[in-house]
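First the structure, in the form of structure tokens, and then the observations on it.
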Amino acid sequence: MNASIMQTHTVLVDELQIRYADSGTDGPVILFTSPWPESLFAFRRVWPALARTGRLVALDLPGFGHSQGRADVLTPSAMGGFLGQFITGLGLGTPHLVAPDVGASAALFLAARSPDAIRSLVAGGGGVAWPLDVTGTLADIIAAPGIEVFEDQDIRATIGVTVEPAAPRAQEPDVWEDYVSSYENGRFAESTRYVRSYPERLRLLRDLLPAIRVPVHVFAAADDPLVPVSNGEYLAERIPGSKLTILPASHFAWEEVPDQFAALVADWVTRAEKDAGQ
Amino acid sequence: MATSYSELPNELVSAPSGVGYAYRDTGEGEVPLVLLQHFRGNLDSWDPALIDALAANRRVITFDNTGVGGSTGVTPDTIGQMARDAIAFIAAMDLGQVDLLGFSIGSFVAQEMALIRPAIVRRVVLASSAPQGAAGMHGWASEVIGAVGKPQTSPEEYIGVFFAPSPSSRKAGQESVQRQYARTEDRDAATTWATREAQYDAVCTWGIPDHGALQRVAAIGQPVFVANGDSDPMILPHYTYLLAGLIPQAGVKIYPDSAHGFLFQHHAEFAADVEAFLSESC
């Protein structure tokens with residue numbers, strides 16, 4: 001597998017250069033948000049299968065992947081607003097949104113504030129619970145005194161090791177390089193602003209969850225060392241009518257168990273379309 | 001030294017509608033801060049300690065909305081009309097763009113103003129607030145309306161709702177009441193029973209559970225500061241988080257050991273927080 005199956009383009013949204021991919025295939029629009037510290041190529045393994053279900057669009061969130069960032073967009077709350085602008089800007093109508101990892105909290109803010117912006121949501125694998133319920137490196141990043149401590153890191157080493165299991169350098173050098181180069185030149189330190197706003201912003205998200213009326217399918221990775229399954233349970237308990245699926249993965253479910261991840265999305269979207277058509 | 005709020009003259013401005021609005025005007029600055037009062041409150045119901053602290057750095061204007069206290073007209077029974085009336089006051093005063101500080105029912109009006117006429121609103125402070133349609137907001141709890149909704153409300157009943165049960169908060173409540181009543185001459189006219197009825201109708205209507213209405217405040221594009229006391233029995237602090245979550249650009253702060261009137265109890269801290277918020281650059 002290599003990155004060439006996803007053709008990328010650039011678009012200006014909210015004065016930011018945003019990289020995205022568009023399958024151009026027929027069917028309902030399914031919009032994917034990039035996980036951290038990866039990029040939109042995280043979906044390369046589910047892309048071919050899901051292209052039969054709809055038109056796939058994936059974006060690098062601002063400040064992540066190879067999209068331009070800006071400090072004020074780097075909170076779940078502001079990122080939710082940005083997603084709304086991206087959907088409008090690209091004329092995507094009312095897409096199904098698939099938001100793993102950092103995108104999950106942003107997508108939930110969007111769903112709560114602008115229920116007419118998306119048709120349905122698949123979200124999980126990102127910190128969402130308040131009080132904060134994250135572990136390992138993610139907890140350390142949030143607890144660090146400032147973002148300066150991340151500025152001197154050897155990104156090729158630290159991010160390289162982190163993404164190696166999901167995109168082995170020897171087998172998928174272009175994907176590995178895309179991930180690592182996404183966070184070079186100070187971009188990793190800047191990107192930490194997002195998760196570092198969790199303590200304040202996830203407190204706000206908690207009270208919004210019971211008001212969400214968009215259909216939500218929550219997923220969680222069973223052995224996630226960063227975002228415990230309890231985050232998924234937290235969402236399922238609070239979002240009316242939501243569904244929870246636990247995937248046999250450690251964090252990067254979209255790459256570790258791509259067939260199951262693709263099936264989850266395809267079934268969900270197909271069912272949501274059928275429900276909407278009735 | 002500038003004149004204290006408790007010594008300011010009552011002034012009157014007429015809108016094209018024919019309503020005469022009672023107001024007080026203090027401090028100096030480019031963008032005025034217009035204050036929107038709580039349920040049954042009039043010009044004298046603002047704690048002078050808070051107004052004086054806010055007016056140290058900016059122009060601050062308090063007023064009675066249509067039909068309230070010293071203003072003429074009939075108090076409307078919807079938040080929407082109250083917002084239109086407040087916009088009419090701002091136009092009559094020729095204030096241009098303003099900052100808003102809405103307290104309780106006044107914070108509902110402030111939200112509505114930011115939605116109806118965004119061009120005249122620069123920044124918004126919402127004290128003891130909630131979004132329209134939030135579940136559980138359909139009228140105040142019985143002990144609250146029992147205390148502050150009667151024809152005559154005692155200072156003890158006011159303190160019971162506006163301040164927390166702790167000795168420190170109750171003491172702060174007594175001090176605030178003393179400051180509010182320090183003015184003996186030229187006090188504002190008391191609010192009438194008709195105002196109470198209309199305002200409470202508006203509160204109940206605002207609080208009719210409506211899931212869809214929650215998304216309205218997502219359209220507020222201005223920076224907003226949402227705040228409350230941690231023990232407010234009138235509008236639970238939970239709604240502060242809900243509201244701040246729904247508004248795209250909102251900061252939130254909950255003040256300790258305080259209730260509905262946290263802004264009077266923590267007048268110095270709150271005024272400093274408001275000042276910092278209003279003077280942020282972008």
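Every number here is computed from the coordinates shown, using simple stated rules; none is lab data. Quick caveat: nothing in here was measured; it's all calculated off a predicted structure. In this analysis, Cβ positions are derived from the backbone assuming ideal geometry, glycine residues included, and neighbour counts consider all displayed protein chains.
Taking every DSSP beta bridge with both residues inside chain B, roughly what % is antiparallel (nearest 5)?
On the way: 8 of 30 bridges.
The antiparallel proportion sits near 25 percent.
From Cα coordinates alone, what are the radius of gyration and Dmax values for the stretch B:40-130 in angstrom?
When restricted to Cα atoms, the stretch B:40-130 yields Rg and Dmax of 12.5, 35 Å.
Per residue of the stretch A:154-169, in order, report the coupling 6.51 cos²θ - 1.76 cosθ + 1.60 (Karplus, θ = phi - 60°) as ³J(HN,Hα) in whole Hz, putting x for Gly and Pro.
7, 4, 4, 7, 6, 5, x, 5, 4, 8, 3, x, 7, 9, x, 4
Cut-off 10 angstrom, C-alpha nodes, Gaussian network model of chain A. Which of A:L226, A:L110, A:L61 fluctuates the most?
Its mean-square fluctuation being the largest, the pick is A:L226.
Only bridges with both residues in the stretch B:1-115 count here: give the DSSP antiparallel percent, nearest 5.
Working: 8 of 15 bridges.
Restricted to the stretch B:1-115, the bridges split so that about 55 percent are antiparallel.
Normalise the Cα radius of gyration of the stretch B:5-278 by 2.2 N^0.38 Å (N = residues in it) and let me know the number. Before the final figure, lay out the partial values.
Numbers: Rg = 16.7 Å, N = 274, 2.2 N^0.38 = 18.6 Å.
Here the answer is 0.90, to two decimals.
Give me the one-decimal Kirkwood hydrodynamic radius in Å for the stretch B:189-278, with the sum taken over alpha-carbon pairs. Please report the intermediate quantities before stating the final value.
Working: mean 1/r = 0.0673 Å⁻¹.
Roughly 14.9 Å, rounded to one decimal.
If I model a spin label at B:A272 and B:H238 as a point 7 Å from the Cα along the Cα→Cβ vector, what separation in nanometres do I get?
Rounded to a tenth, the inter-label distance reads 3.2 nm.
So which aspartates and glutamates can B:K253 reach, going by Cα to Cα under 19 Å and dropping same-chain residues fewer than 8 places off?
Within reach: A:E200, A:D207, B:D99, B:D230, B:D232, B:E269, B:D273, B:E275, B:E280.
Report the Cα centroid-to-centroid distance between the stretch A:93-136 and the stretch B:230-280 in angstrom, as an integer.
27 Å
With charges only on Cβ, +1 for K and R and -1 for D and E, what is the dipole size of chain B about its Cα centre, in debye, rounded to 20? Don't jump to the answer; show the numbers that get you there.
Details: 17 positive and 31 negative charges, 81 e Å.
Computed charge dipole of chain B: roughly 380 debye.
If the chain between B:H211 and B:T3 were fully stretched, how many nm would it gain, using 0.36 nm times the residue separation less the Cα-Cα distance?
Details: separation 208, 0.36 × 208 = 74.88 nm, distance 4.63 nm.
Stretched out fully, the B:H211 to B:T3 stretch lengthens by 70.3 nm.
Using modelled backbone amide H atoms (1.01 Å from N, in-plane), which distant-in-sequence or interchain residues come within less than 5 Å of A:D224's amide H?
For A:D224, whose amide H was placed from the backbone, the distant partners under 5 Å are A:V229.
For B:K150, which aspartates and glutamates qualify as cross-link partners when the Cα separation must be under 12 Å and same-chain residues fewer than eight apart are set aside?
Straight-line reach from B:K150, under 12 Å: B:E197.
Which of A:P35, A:P215, A:P131 ends up with the largest GNM mean-square fluctuation for chain A, with Cα atoms connected below 10 Å?
Result: A:P131 has the largest fluctuation of those listed.
From the gyration tensor of the Cα coordinates in the stretch A:185-278, what semi-axes in whole Å does the equivalent ellipsoid have, largest first, with each one equal to sqrt(5λ)?
After diagonalising the Cα gyration tensor, the semi-axes are 25, 20, 14 Å.
Quick one: Cα centre-to-centre distance for the stretch A:143-196 and the stretch B:1-78, in angstrom?
55 Å
For each of A:W176, A:W130, B:W46, count neighbouring Cβ atoms within 10 Å of the residue's Cβ, then give the residues from fewest to most.
Working: A:W176 21, A:W130 18, B:W46 25.
In increasing order of surrounding Cβ atoms, one gets A:W130, A:W176, B:W46.
How many percent of Cα pairs in the protein assembly as shown exceed 43 Å?
Details: 43746 of 156520 pairs.
I get 28 percent for the Cα pairs in the protein assembly as shown exceeding 43 Å.
What aspartates and glutamates sit close enough to A:K274 to cross-link, taking a C-alpha to C-alpha distance under 19 Å and skipping anything fewer than 8 places away on the same chain?
Answer for A:K274, where 19 Å is the Cα cut-off: A:D26, A:D116, listed by chain and number.
Provide, as a two-decimal number, the C-alpha radius of gyration of chain A over 2.2 N^0.38 Å, N being how many residues it has. Can you show the working numbers first?
Values: Rg = 17.0 Å, N = 278, 2.2 N^0.38 = 18.7 Å.
Normalised by 2.2 N^0.38 Å, the Cα Rg of chain A equals 0.91.
Defining a contact as two alpha carbons under 8 Å apart and six or more residues distant in sequence, what relative contact order in percent does chain A show? Numbers along the way, then the final one.
Values: 577 pairs, mean separation 55.0, N = 278.
Result for chain A is 20 percent.
Calculate the dipole size of the stretch A:3-272 relative to its Cα centre from +1 charges on Lys and Arg beta carbons and -1 charges on Asp and Glu beta carbons; express the result in debye to the nearest 20.
On the way: 20 positive and 32 negative charges, 200 e Å.
Charge dipole of the stretch A:3-272: 960 debye, to the nearest 20.
Out of B:F264, A:V265, A:G127, whose Cα points farthest toward the positive end of the dipole of the protein assembly as shown (charges: +1 Lys, Arg; -1 Asp, Glu; placed on Cβ)?
Working it through, the farthest residue towards the positive pole turns out to be A:V265.
Run through the DSSP bridge list for the protein assembly as shown and note the antiparallel percent, rounded to the nearest 5. Spell out each step's value before the answer.
Details: 17 of 61 bridges.
For the protein assembly as shown, the DSSP antiparallel bridge percentage is about 30.
Dipole of the protein assembly as shown (Lys/Arg Cβ +1, Asp/Glu Cβ -1, origin at the Cα centre): which of A:M6, A:G65, B:N228 lies farthest to the positive side?
Result: A:M6, furthest along the dipole toward the positive end.
Can you give the Rg to Rh ratio for the stretch B:136-177, taking only C-alpha atoms and Rh from Kirkwood?
So for the stretch B:136-177, dividing Rg by the Kirkwood Rh gives 1.02.
Would you work out the charge dipole size for the stretch A:144-226 about its Cα centre, treating the Cβ of every Lys and Arg as +1 and the Cβ of every Asp and Glu as -1, and quote it to the nearest 20 debye? Numbers along the way, then the final one.
Numbers: 9 positive and 15 negative charges, 125 e Å.
With only Lys, Arg, Asp and Glu charged at Cβ, the dipole is about 600 debye.
Within 10 Å of each Cβ in B:242-251, how many Cβ atoms from other chains are there, averaged over the peptide?
That average works out to 6.
Pick out, from B:G106, B:V68, B:L50, the residue whose Cα sits farthest towards the positive end of the charge dipole of the stretch B:28-138, with +1 on the Cβ of Lys and Arg and -1 on the Cβ of Asp and Glu.
The Cα lying farthest towards the positive end belongs to B:G106.
How compact is the stretch A:1-116 by the rule of thumb for globular proteins, expressed as Cα Rg over 2.2 N^0.38 Å? Each step should come with its number before you reach the end.
On the way: Rg = 13.0 Å, N = 116, 2.2 N^0.38 = 13.4 Å.
So the stretch A:1-116 has a normalised radius of gyration of 0.97.
Fully extended, how many nm does the chain gain between B:S168 and B:V31 (0.36 nm per residue separation, minus their Cα-Cα distance)? Let's see the in-between values first.
Numbers: separation 137, 0.36 × 137 = 49.32 nm, distance 3.52 nm.
So the chain would gain 45.8 nm between B:S168 and B:V31.
For chain A, what is the calculated [θ] at 222 nm in deg cm²/dmol (nearest 500), taking -39500 (n - 2.57) for each run of four or more DSSP H residues and dividing by its residue count? Each step should come with its number before you reach the end.
Numbers: 11 runs with 111 residues, N = 278.
About -12000 deg cm²/dmol.
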